[in-house]
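Single-structure report; data block below.
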Amino acid sequence: MASNVSDFFWKRMSEWGVRRIFGYPGDGINGLMGGLARAKGKFEFIQARHEELAAFMACAHAKFTGEVGVCLATSGPGAIHLLNGLYDARLDHQPVVAIVGQQARTALGGHYQQEVDLKNLFKDVAGEFVEMATEPAQVRHIIDRAMRIAIAERTVTCIIMPNDLQELAAVETPPRAHGTVHSGIGYSAPRVVPTDADLARAADALNAGKKVAMLVGAGALQATDEVIEIADLLGAGIAKALLGKAAVPDDLPYVTGSIGLLGTRPSYEMMNDCDTLLMVGSGFPYSEFLPEEGQARGVQIDIDPKMLSIRYPMEVNLVGDSATTLRALAPLIKRKSDRSWREKIEKNVKEWWKTLEAIAHEAGEPINPQRVFWELSPKVPDGCIFAADSGSGTNWYARDIKMRRGMMGSVSGGLATMGCGVPYAIGAKFAHPDRPVIAMVGDGAMQMNGMNGLITIAKYWERWSDPRLIVLVLNNQDLNQVTWEMRAMTGDPKFEASQSLPDVHYARYAELVGLKGIFCDDPEKIAACWDEALASRIPVVLEMKTDPDIPPLPPHITLKQAKAFASTLWQGDPNEAGIIRKTIKEFADELLPH
């Protein structure tokens with residue numbers, strides 16, 4: 001029997017299968033921390049440098065394992081710090097349970113130190129379930145509901161524990177009386193498959209199409225073979241939303257790669273020319289990169305009915321697990337004998353890879369950032385896990401890295417927050433200590449919280465059976481993605497007061513905290529530096545001095561974007577000469593045959 005509420009709390013969490021908690025201590029959770037210490041090795045507590053990083057790590061744990069991620073923070077400021085990482089999990093549909101402390105129950109409502117209305121604070125991010133325990137008999141069912149709802153709904157839930165409650169005697173079994181709740185442990189996901197009638201309607205639409213395009217997202221990550229089988233039957237090309245980058249390997253000749261502003265020209269052209277769209281497990285938000293309304297018949301598969309038919313008006317909406325639904329659909333699909341559409345897509349993809357190679361080898365001052373990713377791609381070890389931050393580097397991750405079967409990768413998709421790359425990599429490394437992990441981070445995100453994450457890496461890396469964790473930092477002294485968005489979207493030149501970053505020696509900082517640092521400012525040494533980093537027996541910060549004037553051009557330039565860019569130059573951009581020269585070179589590489 002547990003001696004107090006805190007001991008019972010962790011006993012119950014253990015019974016739910018939780019083994020790892022990411023967090024930071026504080027007096028609002030002293031009782032819980034004491035119970036965690038008394039749990040005698042049942043849990044691995046990972047001390048982050050900041051609660052936001054703990055929430056990102058919990059999100060990464062969920063993304064790279066499929067399990068519930070758990071993060072722990074104190075009351076008031078600690079709880080507030082969790083929010084950004086929790087929103088990242090919520091918007092990417094990841095099961096995460098946040099456990100936060102609260103001031104003593106007797107103090108609530110008294111304008112007490114660190115008293116924050118946590119139920120209201122968390123009611124949006126953890127809207128499916130947020131509850132504060134006020135009696136020991138509540139703790140069991142609050143834990144059970146938080147865990148079950150997080151798993152079943154693939155969302156964020158929150159448990160609030162006042163600090164005085166944590167020290168009270170445990171009530172493991174509530175009395176059998178009116179007003180008590182008697183909950184249990186466990187959840188098994190159902191087999192969700194559409195009706196035969198809906199499958200038949202979907203097959204009719206897909207069989208009638210002559211030019212079928214597929215778009216797959218994170219919901220297709222466990223349906224690789226099924227996606228490939230359907231694409232082969234339909235003679236379709238496959239575009240990938242960024243969260244679905246690992247869903248199908250890029251060495252398939254009909255995989256057009258990413259879609260959207262960070263996407264490829266073959267994906268853009270396929271969507272413009274198709275007459276049928278099959279969307280699988282994706283909430284890709286940008287409708288301007290999908291077929292024009294009325295152009296194509298649409299079929300969508302998603303486990304969450306709330307995500308159906310909100311990006312394109314679909315003719316058939318199938319509620320179901322991606323793999324199960326595709327397996328049920330496959331026998332109804334007639335293999336298309338005319339492969340001219342597929343052949344056109346394969347030709348475009350082959351030409352696009354040549355284009356990317358040419359663009360990557362254009363000169364930079366000193367280094368073209370695209371070449372950093374292009375040189376890495378063939379060297380990536382099997383089973384590697386990528387953690388890409390939000391910034392201009394995300395473009396090159398999306399386009400230049402060829403994902404192979406067995407690899408994993410993620411970004412902050414729905415929230416697109418900066419600062420996720422390094423904590424994602426840490427979470428991935430704890431989840432899979434035997435696999436190499438590469439974080440891809442801009443200098444803005446590195447200064448924001450990535451450097452703090454290096455301290456956590458230095459604290460824990462010797463626990464990992466494979467120590468290979470590489471943090472790639474693109475040092476261009478510019479908040480580059482936003483700088484280019486200002487130029488292309490609003491027609492404003494670079495505002496140096498907001499966009500220019502101080503020059504920090506990231507490789508040297510890595511060495512200060514006990515890691516390996518590698519600095520490169522010579523494009524001819526990029527490959528050798530990657531070799532050195534991948535061979536290292538301790539984690540590495542690989543700092544590349546990159547050119548901020550290399551444009552992350554979208555796959556299609558609209559008239560509005562062209563006018564905005566011209567306005568930027570007319571007003572006088574501080575980097576005007578460089579951006580004109582390099583933009584013209586990139587246009588030439590895209591337009592001229594190779």
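When every residue of the stretch 260-269 is checked against the conditions, at least one turns out to be open to solvent by less than 30 Å² (accessible area, probe 1.4 Å), assigned to a helix (DSSP H, G or I) and closer than 18 Å to Asn395 by Cα. From the list Ile557, Ile538, Ile518, Ile526, the lone residue that is over 29 Å from Pro378 (Cα atoms), hydrophobic (A, V, I, L, M, F, W, C) and either modelled with pLDDT of 65 or more or open to solvent by 30 Å² or more (accessible area, probe 1.4 Å) (or both) is Ile557. Restricting the stretch 100-114 to residues that are outside any loop (DSSP other than H, G, I, E, B) and open to solvent by 60 Å² or more (accessible area, probe 1.4 Å), which is nearest to Phe9 (Cα to Cα)? The residue in question is Arg105.
Evaluating Leu261 against the criteria (1) touching a residue at least 40 places away in the same chain (Cβ under 8 Å); (2) more than 18 Å from the chain's Cα centre (by Cα) leaves one unmet condition, (2).
Condition (residue is of a type in the set (Asp, Glu), out of contact with any strand residue (DSSP E or B) (no Cβ under 9 Å at 6 or more places or on another chain) and within 15 Å of Arg311 (Cβ to Cβ)) applied to the stretch 248-260: is it met by at least one residue? Taking every residue of the stretch 248-260 in turn, none turns out to be of a type in the set (Asp, Glu), out of contact with any strand residue (DSSP E or B) (no Cβ under 9 Å at 6 or more places or on another chain) and within 15 Å of Arg311 (Cβ to Cβ).
Filtering Ser287, Ser322 for residues that are hydroxyl-bearing (Ser, Thr, Tyr) and either more than 30 Å from Val192 (Cα to Cα) or surrounded by fewer than 19 Cβ atoms within 10 Å (Cβ to Cβ) (or both) leaves a single hit, Ser287.
Modelled with pLDDT of 95 or more and farther than 26 Å from Ala55 by Cβ: is that true of Leu415 in this structure? For Leu415, the condition - modelled with pLDDT of 95 or more and farther than 26 Å from Ala55 by Cβ - is not met. If you go through the stretch 411-440, how many residues are of a type in the set (Ser, Thr, Tyr) and either out of contact with any helix residue (DSSP H, G or I) (no Cβ under 6 Å at 6 or more places or on another chain) or open to solvent by 10 Å² or more (accessible area, probe 1.4 Å) (or both)? Residues meeting the conditions: 1. Assess whether Thr65 counts as being open to solvent by 10 Å² or more (accessible area, probe 1.4 Å) and touching a strand residue (DSSP E or B) at 6+ places or on another chain (Cβ under 8 Å). Judged against the criteria, Thr65 is not a match.
Each residue in the stretch 68-81 was checked for being under 21 Å from Ala37 (Cβ atoms) and either open to solvent by less than 10 Å² (accessible area, probe 1.4 Å) or among the charged types (D, E, K, R) (or both), and 6 pass.
Considering the stretch 489-500 alone, what residues qualify as being in contact (Cβ under 8 Å) with a residue 24 or more places away in the chain and either open to solvent by 30 Å² or more (accessible area, probe 1.4 Å) or among the acidic types (Asp, Glu) (or both)? Scanning the stretch 489-500 gives Met489, Thr490, Asp492, Glu496.
Annotation note: Cβ proximity below 8 Å between a residue of the stretch 268-290 that is charged (D, E, K, R) and a residue that is part of a helix (DSSP H, G or I) (sequence gap 6+ or interchain) occurs for Glu269/Asn348. Out of curiosity, is Arg371 farther than 21 Å from Gly66 by Cβ, among the charged types (D, E, K, R) and at pLDDT 95 or above? Criteria met by Arg371.
Looking across the stretch 470-482 at every residue that is open to solvent by less than 30 Å² (accessible area, probe 1.4 Å), at pLDDT 90 or above and of a type outside the set (A, V, I, L, M, F, W, C), the one that is nearest to Ile385 (Cα to Cα) is identified as Asn475.
Residues in the stretch 345-385 that are among the polar types (S, T, N, Q) and open to solvent by less than 40 Å² (accessible area, probe 1.4 Å) were compared, and the one that is nearest to Asp275 (Cα to Cα) is Thr355.
Do the conditions hold for Arg145, that is, is it basic (Lys, Arg) and touching a Leu at 6+ places or on another chain (Cβ under 9 Å)? For Arg145, the condition - basic (Lys, Arg) and touching a Leu at 6+ places or on another chain (Cβ under 9 Å) - is not met.
Report yes if Asp549 is modelled with pLDDT under 65 and of a type in the set (Asp, Glu), otherwise no. Against the criterion (modelled with pLDDT under 65 and of a type in the set (Asp, Glu)), Asp549 does not qualify.
Quick grid of which residues meet (1) in a helix (DSSP H, G or I); (2) in contact (Cβ under 8 Å) with a residue 60 or more places away in the chain; (3) aliphatic (A, V, I, L, M); (4) out of contact with any Lys or Arg (no Cβ under 7 Å at 6 or more places or on another chain):
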site	(1), (2), (3), (4)
Gly419	no, yes, no, yes
Pro423	yes, yes, no, yes
Gly427	yes, yes, no, yes
Phe430	yes, yes, no, no
Ala439	no, no, yes, yes
Leu454	yes, yes, yes, yes
Pro467	no, yes, no, no
Leu472	no, yes, yes, yes
Gln481	yes, yes, no, yes
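Restricting attention to the stretch 290-313, the residues that are hydrophobic (A, V, I, L, M, F, W, C), in contact with a helix residue (DSSP H, G or I) (Cβ under 8 Å, 6 or more places away or on another chain) and open to solvent by 10 Å² or more (accessible area, probe 1.4 Å) add up to 1.
Mind telling me which of the residues Phe9, Phe56 ends up being open to solvent by less than 10 Å² (accessible area, probe 1.4 Å) and in contact with a Pro (Cβ under 7 Å, 6 or more places away or on another chain)? I'd like the intermediate steps shown before the answer.
On the way: Phe9 fails: in contact with a Pro (Cβ under 7 Å, 6 or more places away or on another chain).
One residue alone meets the criteria, Phe56.
Test of understanding: among Glu485, Glu532, which residue is free of Cβ contacts under 8 Å to residues at least 12 places away in the same chain, open to solvent by 10 Å² or more (accessible area, probe 1.4 Å) and not polar (S, T, N, Q)? Exactly one of Glu485, Glu532 is free of Cβ contacts under 8 Å to residues at least 12 places away in the same chain, open to solvent by 10 Å² or more (accessible area, probe 1.4 Å) and not polar (S, T, N, Q), namely Glu485. Number of residues in the stretch 389-417 that are free of Cβ contacts under 8 Å to residues at least 60 places away in the same chain and among the small types (Gly, Ala, Ser) equals 2. Considered as a group, the residues in the stretch 82-99 that are open to solvent by 10 Å² or more (accessible area, probe 1.4 Å) and in a helix (DSSP H, G or I) include one that is farthest from Ile29 (Cα to Cα), and that residue is Leu91.
The values are calculated or read from the model by the stated rules, or taken from the named source; none is laboratory data. Small disclaimer: the values here were computed from a predicted structure and weren't measured. All Cβ positions, even for glycine, are placed from backbone atoms using ideal geometry, and neighbour counts span all protein chains on display. Accessible surface is based on the protein model in full, side chains and every heavy atom, while ligands, DNA and RNA are left aside. Shrake-Rupley method; radii C 1.70, N 1.55, O 1.52, S 1.80 Å.
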